[in-house]
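K.L.:
This structure is in structure tokens; I'll ask about it shortly.
The values are calculated or read from the model by the stated rules, or taken from the named source; none is laboratory data. Model, not experiment: these values are computed from the prediction. Glycine gets a Cβ as well: all are built from the backbone with ideal geometry, and neighbour counts include every protein chain shown.
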Amino acid sequence: MKTFNVFFLTVRRVVIALAAFGVLAPSVSFLTVAHAERIKDLATVSGVRNNQLVGYGIVVGLDGTGDQTSQAPFTTQSLINMLGNLGVTIPPGTTLQLKNVAAVMVTMQMPPFAQPGQQFDITVSSMANAKSIKGGTLLMTPLKGADGQIYAIAQGNLIVGGAGGQAGGGAKTTINQLTAGRIPGGATVERAVPTAVGTQDFIVYELATADFSTAQRLADAINIGMGETIAWPLDGRRIQVRAPQVPYERIAFLGRVEGLEVTPANAAARVTVNSRTGSVVMNQNVSLLECAIAHGNMTVTVNNETQVSQPNPLAAGQTVVAQAGQVDIKQDQASLMRFKPGVTLTEVVKALNAVGATPLDLINILQAMKAAGALRAELEVI
């Protein structure tokens, strides 16, 4: 048993040493901790997607909060045309003063494989000057696709999430907006959109985020899971898979493929800044290169402090020397910011927030660092 323990420790040290030099692949479980995801969470089948539908309709039954017809003539025209289709004739030149009617746009996402008779939620939004469409009823509205064909019919009572009224202290309150609402199950599909899944020899999976490493890993997972080479990446986003010819066998095949697990590659470095709140989100530990930025009356100095870890004399270890970044920020007239290698962006942002830097200051500093090549990540401002 003692000999076995010595052998196991020796093998473990050899494996760790080889992994440190990149000799071993990162698939060894105790060397790399990774999170596997299902293929259905990483990619979709090409051609299987939602379809956008839109329509123009009329909402009636409002409590005096509808369109001002003098400023929205299309509302009156739409109502006259609708009444004419119902057999009601309005004498020419008649001026209609309507307060309980509003012109709206109706939108819907039609999911793939939707069949006639299925019902889906719709969103109704005012397009004129109505104050509120709460409590209204949408009249029958055809919903069209990009090809101009009618795919669904919408109608029903509106549910508006906002609420207006008087608070306990008498102050007027309005939660959310009252000019848009939803109708659960308000649209009925009248025409299906053909989705070809079983008519070709190959099926193409499309990654949600293009990445060559993840595309190769997904193809390898399919080949290993199915026991034969039937998948190969076409580029950084598309993976082509040879599928059975029989339709019902193809559906079962896709179900098996979607359940396979893949460990995606690490995403590219990205820094996202919210220009309104000043929030900074990073998807991984982003380091900085040397740079100097002058901005306002703030001075930022980043130093590297050498830290030495010395094990006990009898311990089976080795001395490790590491560089730990330190950030020192103060406000004065020098207005010079210094950054040195080894310091993470997290520490710099935290220090800037500590001295009261505004979101605009933070964005300007990060953009200057990106332009100078000191920020090795993609910068996105939202």
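K.L.:
Which one is farthest from Q68 (Cα to Cα) among residues in the stretch 96-114 that are surrounded by 16 or more Cβ atoms within 10 Å (Cβ to Cβ) and in contact with a Phe, Trp or Tyr (Cβ under 8 Å, 6 or more places away or on another chain)?
P.N.:
Going through the qualifying residues, I end up with A114.
K.L.:
For a quick check of your reading of the model, give me the residue pairs whose first member lies in the stretch 56-67 and is outside the structural domain of G156 (by TED's automatic domain parsing) and outside any loop (DSSP other than H, G, I, E, B), whose second is at pLDDT 90 or above and among the polar types (S, T, N, Q), with beta-carbon atoms closer than 8 Å and at least 6 apart or on different chains.
P.N.:
none
K.L.:
Being crowded, with 16+ Cβ neighbours inside 10 Å and more than 12 Å from V273 (Cα to Cα) is the filter here; which residues of the stretch 354-368 pass it?
P.N.:
So in the stretch 354-368, the residues crowded, with 16+ Cβ neighbours inside 10 Å come out as 357, 359, 361-363, 365-366, 368.
A357, A368 - these are the residues of the stretch 354-368 that are crowded, with 16+ Cβ neighbours inside 10 Å and more than 12 Å from V273 (Cα to Cα).
K.L.:
Same structure again: Tell me, which residue of the stretch 196-219 that is closer than 23 Å to H35 by Cα and among the acidic types (D, E) is modelled with the highest pLDDT?
P.N.:
Going through the qualifying residues, I end up with E206.
K.L.:
Looking at this structure, is I222 at pLDDT 90 or above, β-branched (V, I, T) and outside the structural domain of L260 (by TED's automatic domain parsing)? Spell out how you get there, then give the answer.
P.N.:
Values: at pLDDT 90 or above: yes; β-branched (V, I, T): yes; outside the structural domain of L260 (by TED's automatic domain parsing): no.
No.
K.L.:
Does R256 satisfy the criteria of being surrounded by fewer than 15 Cβ atoms within 10 Å (Cβ to Cβ), of a type in the set (D, E, K, R) and not assigned by TED's automatic domain parsing to the domain that holds M369?
P.N.:
yes
K.L.:
A further question on this structure: Wholly within the stretch 174-284, which strands (runs of 3 or more DSSP E) include no fewer than the required count, namely at least 3 residues that are among the hydroxyl-bearing types (S, T, Y)?
P.N.:
none
K.L.:
Go through the stretch 331-364 and give me each residue that's over 32 Å from the mean Cα position of the chain (by Cα) and at pLDDT 70 or above.
P.N.:
none
K.L.:
Then there's this: Is one or more of the residues making up the stretch 241-263 modelled with pLDDT under 90 and under 30 Å from I363 (Cβ atoms)?
P.N.:
Among the residues of the stretch 241-263, not one is modelled with pLDDT under 90 and under 30 Å from I363 (Cβ atoms), which makes the answer no.
K.L.:
Do we find that T75 is in the same structural domain as M140 (by TED's automatic domain parsing), at pLDDT 80 or above, surrounded by 16 or more Cβ atoms within 10 Å (Cβ to Cβ) and among the hydroxyl-bearing types (S, T, Y) in this structure?
P.N.:
yes
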